[in-house]
Amino acid sequence: MSCAEDCGVRDVQDRLGDKWTVHVVVELSGGVRRFSELQRLVPGISQRMLTLTLRRLERDGLVTRTVYPTVPPQVEYELTATGRDLTGLVRALVDWSLAHRGTIADARRAYDERRRP
């Protein structure tokens with residue numbers, strides 16, 4: 001793989017490996033969401049981090065942002081066709097994580113037990 005191909009793949013993987021991207025994409029897979037809805041649906045995300053995550057997803061063409069001329073402005077976010085195409089992979093990752101979280105927790109405990117002095 002050439003550097004140009006590798007760098008492009010790595011850049012996309014960095015976005016998808018971001019701590020909050022998967023959570024936001026999963027919530028947007030349910031349809032159009034307002035900012036406040038997303039903040040409520042993604043536990044632990046700060047307003048600043050949600051803003052940054054949404055901007056990055058918009059820049060990458062995975063999310064569209066629509067601003068309605070109301071006071072205060074109403075802003076909605078929605079997955080693009082490319083973003084919707086990604087949801088199957090993201091949901092598979094979430095499902096796998098849920099199915100194996102107990103096994104992983106057990107493996108971590110066993111590992112830690114073996115490493116104790």
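The values are calculated or read from the model by the stated rules, or taken from the named source; none is laboratory data. Owing to the predicted nature of the structure, the values given are computational and were not obtained by experimental measurement. Note that we place each Cβ from the backbone using ideal geometry, even for glycine, and neighbour counts take in every protein chain shown.
Things to note:
- With respect to the conditions (1) modelled with pLDDT of 95 or more; (2) outside any loop (DSSP other than H, G, I, E, B), Gly31 lacks only one, and its number is (2).
- Filtering the range 57-91 to residues that are over 17 Å from Asp18 (Cα atoms), exposed (fewer than 12 other Cβ atoms within 10 Å of the Cβ) and not hydroxyl-bearing (Ser, Thr, Tyr) leaves Val67, Pro69, Val71, Pro72, Pro73, Ala81, Asp85, Gly88.
- Boolean, Gly44 is of a type outside the set (S, T, N, Q) and part of a loop (DSSP other than H, G, I, E, B): yes
- Of all the numbered requirements in (1) modelled with pLDDT under 95; (2) part of a helix (DSSP H, G or I); (3) surrounded by 15 or more Cβ atoms within 10 Å (Cβ to Cβ), Leu54 misses one, and that requirement is (1).
- Test: residue in the range 13-29 that is among the aromatic types (Phe, Trp, Tyr), surrounded by 15 or more Cβ atoms within 10 Å (Cβ to Cβ) and farther than 20 Å from Leu86 by Cα: no
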